[in-house]
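See structure below.
The values are calculated or read from the model by the stated rules, or taken from the named source; none is laboratory data. All values derive from a computational prediction rather than experimental measurement. Here Cβ is always computed from backbone atoms with ideal geometry, including for glycine, and neighbour counts include all displayed protein chains. What goes into the accessible areas is simple: the full protein's heavy atoms, side chains included, and nothing from ligands, DNA or RNA. Shrake-Rupley method; radii C 1.70, N 1.55, O 1.52, S 1.80 Å.
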Amino acid sequence: MQDELIRLQQFLENNHSFLLMSHRAPDGDAVGSVAGFYHYLSASGKDAIVILPDPPSDVLLPFLKDVPVKYFNEESDQVDALMSNANALICLDFNASNRVGDLQGLLDSFKGQSVMIDHHPDPVKFTEIVITDPENSSTCQLIFECLEKINQVEHIDLKAAESLYLGIMTDTGSFRFPSVNANTHRILGSLMQKGIKHWMIHQQVFDNNRVEQLQLRGYAISEKLFLLNSGPNAIPFGYIALSQEELLRFNYKAGDTEGLVNVILSIEGIKAAVIVQEKRDGIKLSFRSKDNVYINEFAKKYFNGGGHKYAAGGSSSDSLSVTIERIVRLIPEIFS
Ligand code: 5GP
Ligand code: MN
């Protein structure tokens, strides 16, 4: 890691203009990473533009307010031109080029120098410089650690601090997952010393629900929750599956079911859960687990996905009912 940090330092010193990129369906850590790095670069007198495959949920948009962002799904020609002309690219919060969806072709053929900073397990080397720490709580925490080691903390301004706090907060379930340690809290302390109003960040993300969104969640929990934790072949597993029609009925928007899978995991005795959703672009799965039950290998083996031990995602090309049938049939193996 030391060598890679020296290379990162040189890369930052030797370039003036950067592209910053994160994964499709960007979450808080993805948005926090690109926004935080953008504000750090700005405060250091550098130029940067953020490229995202598609927009995040509405509650995350304010964190991109002062950031120049191009969305590939909206302005593909402009993104193509930016990628063709850039010399320096920083990829944040993803571990393989296929995590950027349709943007993968441009990423794979990028001709300049590139860096990855990420915390997902099993990284695939698609950049020249690779900084990876799968034990880390979040990419935002890892960015802070990297900048600290190359003596750049003074250039983390208020906006960068707010962004990095966002990513640490969302990727740790508000500082409660096993990945949180004393260093996480020390870094949060440093971010607070930059003057952030931490409660406003929590309110922005968690107290901005639309009524329809809460009604969708209520419906999902009361009508669509299935638990497999009773009967002769009981396993501590639960799932919710939502069809396209059901999502539309509640006027579904990106992010509306964020965190719903954790509600399943909060049920007493339940150690693993999945939410399956029939989105416009196919069936998406979001897995969570705890207590030494690991879910990422399962997501990888059966559902073209992956992720962390306790939080993973995937997709399915089968129908919703066939997908559910496969999950129920295969899931016992994670408990064996
Ligand atoms: P979420 O359930 O919040 O969408 O994703 C949970 C975790 O799994 C995130 O860390 C995310 O990066 C990872 N993940 C989600 N979908 C996929 C996927 O399709 N492939 C891989 N490799 N990881 C995924
Ligand atoms: Mn992350």
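When the chain is treated as a Gaussian network with alpha carbon springs shorter than 10 Å, the biggest mean-square fluctuation among ASN296, ASN262, ASN183 belongs to ASN183. Put simply, the C-alpha atoms of segment 29-87 give a gyration tensor, and the ellipsoid matching it has half-axes of 18, 17, 8 Å, longest first. For the pair ILE267 and ASP80, the difference between a 0.36 nm per residue extended length and the Cα-Cα distance amounts to 62.7 nm.
Shape analysis of the chain based on the Cα gyration tensor places the equivalent ellipsoid semi-axes at 34, 21, 20 Å, largest first. Put simply, segment 190-251 fits an ellipsoid with semi-axes of 35, 20, 8 Å; these come from the alpha carbon gyration tensor as the roots of five times its eigenvalues, largest first. Its Cα centre serving as origin, segment 107-242 has a Cβ charge dipole (Lys and Arg +1, Asp and Glu -1) of approximately 320 debye. Excluding same-chain neighbours fewer than eight residues apart, the lysines reachable from LYS111 by a Cα-Cα span under 20 Å are LYS70, LYS125. What is the percent carbon and sulfur in the accessible area of segment 16-141, measuring with a 1.4 Å probe over the protein chains and ignoring ligands? Answer for segment 16-141: carbon and sulfur cover 45 percent of the accessible area.
Pairs of alpha carbons in segment 91-144 separated by more than 18 Å make up 28% of all such pairs.
How high is the FRET efficiency from ARG326 to GLU212, r the C-beta distance, R0 30 Å, rounded to 0.05? About 0.50, to the nearest 0.05. Remark on segment 127-167: ratio of C-alpha radius of gyration to 2.2 N^0.38 Å is 1.20. Convex hull volume of the Cα atoms of segment 251-329, normalised per residue: 101 Å³. Bridging of LYS149 to lysines at a Cα separation below 21 Å is possible for LYS46, LYS159, LYS194, once same-chain residues fewer than 8 apart are set aside. What is the log10 of I(q)/I(0) for segment 1-129, computed with the Debye formula using one identical point scatterer on each Cα and no solvent, at q = 0.11, 0.12, 0.15, 0.22 Å⁻¹? Results for segment 1-129 at q = 0.11, 0.12, 0.15, 0.22 Å⁻¹ read -0.33, -0.40, -0.64, -1.50. When both segment 236-257 and segment 5-69 are represented by their alpha-carbon centers, they are found 30 Å apart. Between MET192 and SER222, residue separation times 0.36 nm minus the direct Cα-Cα distance comes to 6.9 nm.
Accessible area per residue for segment 210-294, computed on protein heavy atoms with a 1.4 Å probe, is 50 Å².
Dividing the convex hull volume of the alpha-carbon atoms in segment 84-201 by its residue count gives 124 Å³ per residue. Computed over segment 193-291, the percent of Cα pairs more than 23 Å apart is 36. Which lysines, if any, have their Cα less than 30 Å from the Cα of LYS224, not counting same-chain residues under 8 positions apart? In chain and number order, the partners are LYS253, LYS271, LYS279, LYS284, LYS290, LYS300, LYS301, LYS309.
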